[in-house]
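Please read the structure below before turning to the comments.
The values are calculated or read from the model by the stated rules, or taken from the named source; none is laboratory data. Keep in mind it's a predicted model, so treat the numbers as computed, not measured. Note: ideal-geometry Cβ built from the backbone for every residue, glycine included; neighbour counts use all protein chains shown. Surface areas here come from the heavy atoms of the whole protein model, side chains and all, with no ligands, DNA or RNA. Shrake-Rupley method; radii C 1.70, N 1.55, O 1.52, S 1.80 Å.
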Amino acid sequence: MPPRRQRPRAAFFYVAAGLAGLAWFVSPLPEVLANSIVDGIPLDEDIVLGTRAVQSANYRLQSTCLPGRRCVDDIGRDIISALSSRHPEMRVDNFDWRFSVTSDTFVNAFAYPGGRIFVTRGLLDMATDDEVAAVLGHEVGHVLHRHSQKRLVQQRLGSILIRTLLSSDV
């Protein structure tokens, strides 16, 4: 049993660690740090990261064209072309844009770093071409703002903080 003097010190440590952890998860600090870190990473790294992630996911892909409908990759290229001409400051052309359709029947769309965007067959079956364009535009926004990378950095920083707080000697 530890001497009595160490009990208040241990209690103080656990309260301080709890407050630090709480502050991390409710303050804007993680987002600010993640933005700064990700902004320093070259866009080429996004493309490599996205390509590796897609390869490991091993999706079953289908044609991006359905009879009587616009092709998903054509819709995506139109979005990229419009953004590139209207907002050159966004560096849209620095990404490796690829639009694909998975065979999944649930309704979803998702983006990988670097410009790889997927829609599911379930989404295509229920959405109009205009709705698909809106969804693709939303996913393009995730890529351009590097949301996946920022979230990954935030999670890693948070886990480092927790490990550090929990492994400190009292």
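Couple of notes before you dig in:
- Loop chymotrypsin sites (Phe, Trp or Tyr not before Pro), the range 86-170 (other Cβ atoms within 10 Å of the site Cβ: 11 or fewer; DSSP): Phe106
- Using alpha-carbon coordinates, inclination of helix 72-86 to the longest axis of the chain, degrees: 70
- Neighbours of Ile47, meaning other residues whose beta-carbon lies under 15 angstrom from its beta-carbon, give a summed charge of 0 when Lys and Arg score +1 and Asp and Glu score -1.
- Relative contact order (%) - criterion: Cα under 8 Å, at least six apart; region: the chain: 26
- Remark: accessible surface ordering of Ile117, Ile160 (largest first) is Ile160, Ile117, probe radius 1.4 Å.
- In degrees, nearest ten, helix 6-26 long axis to first principal axis of the chain (Cα): 20
- Computed on protein heavy atoms with a 1.4 Å probe, the accessible areas place Leu49, Leu83, Leu124 in the order Leu49, Leu83, Leu124, largest first.
- Here the sum of -39500 (n - 2.57) over DSSP H runs of 4 or more residues, divided by the residues of the chain, equals -20000 deg cm²/dmol at 222 nm, to the nearest 500.
- Exposure of Ser167 as accessible area (Å², to 10), given a probe of 1.4 Å and all protein chains: 80
- Stokes-Einstein D for the chain, Kirkwood Rh over Cα pairs, 10 °C, 1.306 mPa s (µm²/s): 84
- Start at zero, step by 10 Å, and the Cα-Cα distances of the range 77-147 spread as 21, 53, 23, 3 percent across the bins.
- Ranked packing of 62-72, 145-155, most packed first, by mean Cβ within 10 Å: 145-155, 62-72
- Mean projection area, nm², convex hull over Cα of the range 125-170: 4.7
- Helix 29-39 vs. the chain, principal-axis angle (Cα, 0 to 90°, nearest 10): 50
- Around Asp78: net Lys/Arg minus Asp/Glu count, Cβ-Cβ under 11 Å: -1
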